[in-house]
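The values are calculated or read from the model by the stated rules, or taken from the named source; none is laboratory data. Owing to the predicted nature of the structure, the values given are computational and were not obtained by experimental measurement. As a convention, Cβ positions derive from the backbone with ideal geometry for all residues, glycine included, and neighbour counts pool all protein chains shown.
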């Protein structure tokens, strides 16, 4: 696609990490790859973190994304689980930064709202919208992979990839000219 941007989406986890890569431009998005990194067979938490770092780094080096989008953890009751999830997220962010990319974080509610229009949508509703956008997925056994694709698509809808690819001078200029007409011109597929 002309003037296309590749976005890497990550659904961090210490047992299963989902990832998805999309290619997007102003009027079209396509799925490049999605999958999961199975970590449950590794007992050592440090080994899991190393595998997360290596996987994110290899995806970045292979596909050359302009942006990385990560789903922010939701706050649960189990403090130990939250700490481990935070470490997994931090390692993924570090892998992005080592490769010269910033990682944008999106709350699960923001991702759902961006994809379905409803912040309290179910995972199945998000999956349905993703299938409508990209076509049927071959394998949806692991919702972590589809969650990662949703995070990448959310980043695209928020204009993150466009901003990541801009020079600092263009970013300043674009902030001054942001209005409904600019949004409509940049997102014709989202305007009815």
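In region 128-170, of all residues being under 21 Å from residue 186 (Cα atoms), touching a strand residue (DSSP E or B) at 6+ places or on another chain (Cβ under 8 Å) and surrounded by fewer than 18 Cβ atoms within 10 Å (Cβ to Cβ), the one that is modelled with the lowest pLDDT corresponds to 165.
Before we move on, is residue 6 in a strand (DSSP E or B), in contact (Cβ under 8 Å) with a residue 12 or more places away in the chain and within 26 Å of residue 127 (Cβ to Cβ)? Taking the combined requirement at face value, the residue satisfies it. Cβ separations smaller than 6 Å between residues 6+ apart or across chains give the following pairs from region 11-40 residues that are without any contact (Cβ under 8 Å) to a residue 24 or more places away in the chain to residues that are crowded, with 21+ Cβ neighbours inside 10 Å: 37/17.
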